[in-house]
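One structure is given here, and the rest of the page talks about it.
The values are calculated or read from the model by the stated rules, or taken from the named source; none is laboratory data. Fair warning: this is a prediction, and the values are worked out from it, not measured in the lab. Methodologically, a virtual Cβ is constructed for each residue, glycine included, from the backbone with ideal geometry; neighbour enumeration extends over all protein chains shown.
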Amino acid sequence: MGTFHQDKGELHGITVVVDTVGSEIYVGRCDVMTEERILLHDADVHREGEGGRSKEEYLERAAQLGTWKKFDQLEIPAEVIASVRRLGDL
């Protein structure tokens with residue numbers, strides 16, 4: 001038995017970290033990733049220095065405790081994406 005959404009990509013349903021070329025980093029459940037964008041559900045965003053934490057400090061905490069959903073859905077254009085990786089790999 002496989003996934004019901006084979007056309008959505010290997011990260012579909014996985015919580016991912018989307019680092020950008022700017023100061024933002026996003027954590028959310030990947031719906032679909034294309035050459036144009038990535039669509040996240042139940043997402044959080046952190047800006048470098050927000051709350052006195054760097055991106056790395058934010059990710060350390062997110063990997064241990066998870067995140068608090070700020071957005072039901074976020075679409076991030078490919079031109080601002082620096083990297084996408086699984087949160088569980090941290």
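Residues that are modelled with pLDDT under 95, surrounded by fewer than 13 Cβ atoms within 10 Å (Cβ to Cβ) and within 13 Å of Arg29 (Cβ to Cβ) within region 66-85 comprise just one, Gly66. With respect to Ala43, is the statement that it is among the hydrophobic types (A, V, I, L, M, F, W, C), in contact with a Lys or Arg (Cβ under 9 Å, 6 or more places away or on another chain) and at pLDDT 95 or above true? Yes: the conditions hold for Ala43.
Is it true that Ala63 is at pLDDT below 95 and under 14 Å from the mean Cα position of the chain (by Cα)? Taking the combined requirement at face value, the residue satisfies it.
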